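Notes follow the structure.
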Amino acid sequence: MILGRVTGSVHATVKNPHLDGHRLLVVKPVDLAGQPRGRPIVSVDRVDAGVGDLVLVCREGSSARFVLDDPDSPVQAMVLAVVDDLVLHDPDGKDR
């Protein structure tokens, strides 16, 4: 899984039938400090995330298709969680 920030959404009047009923979000990968890293990805939204939300994205197609219970879906990435809090620990055990 990767950490990312939702930056937009994709609207398509014509799309693969396996995607009907699913929202598509644009997610920009970020590092643990919240700084952008890498190129944006289009992800199926399963958690009602919105623009600005910090999210966890599964970028492994077969796992994403398993969650959808649709082995024929063309999904490669899926938003699986909205991150409410991220706590990192230094090696000395202190939160940062």
Subject >> Residues located in segment 48-73, provided they are surrounded by 14 or more Cβ atoms within 10 Å (Cβ to Cβ), part of a loop (DSSP other than H, G, I, E, B) and not hydroxyl-bearing (S, T, Y) >> reply: A49, D53, R59, D70
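Quick one: in segment 74-96, which of the residues that are part of a loop (DSSP other than H, G, I, E, B) and surrounded by 16 or more Cβ atoms within 10 Å (Cβ to Cβ) is nearest to the chain's Cα centre (by Cα)? Let's see the steps before the verdict.
Residues of segment 74-96 that are part of a loop (DSSP other than H, G, I, E, B), as a first pass: 74-77, 83-88, 90-94, 96.
Okay, now just the ones that are also surrounded by 16 or more Cβ atoms within 10 Å (Cβ to Cβ), so 75-77.
Values: V75: 12, Q76: 10, A77: 7 Å.
Once the filter is applied, the top-ranked residue is A77.
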**OP:** Could you please let me know if T7 is modelled with pLDDT of 90 or more and of a type in the set (S, T, Y)?
**Re:** yes
Original post:
Being within 12 Å of I2 (Cβ to Cβ), touching a Gly at 6+ places or on another chain (Cβ under 6 Å) and modelled with pLDDT of 95 or more, is that true of even one residue in segment 33-45?
Top reply: no
Original post:
Going through segment 26-47 one residue at a time, which ones are free of Cβ contacts under 8 Å to residues at least 12 places away in the same chain and either surrounded by 16 or more Cβ atoms within 10 Å (Cβ to Cβ) or of a type in the set (A, V, I, L, M) (or both)?
Top reply: A33
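The values are calculated or read from the model by the stated rules, or taken from the named source; none is laboratory data. Treat the numbers as computed from the prediction; the structure is a model and nothing was measured. We place every Cβ from the backbone using ideal geometry, glycine too, and count neighbours over all the protein chains shown.
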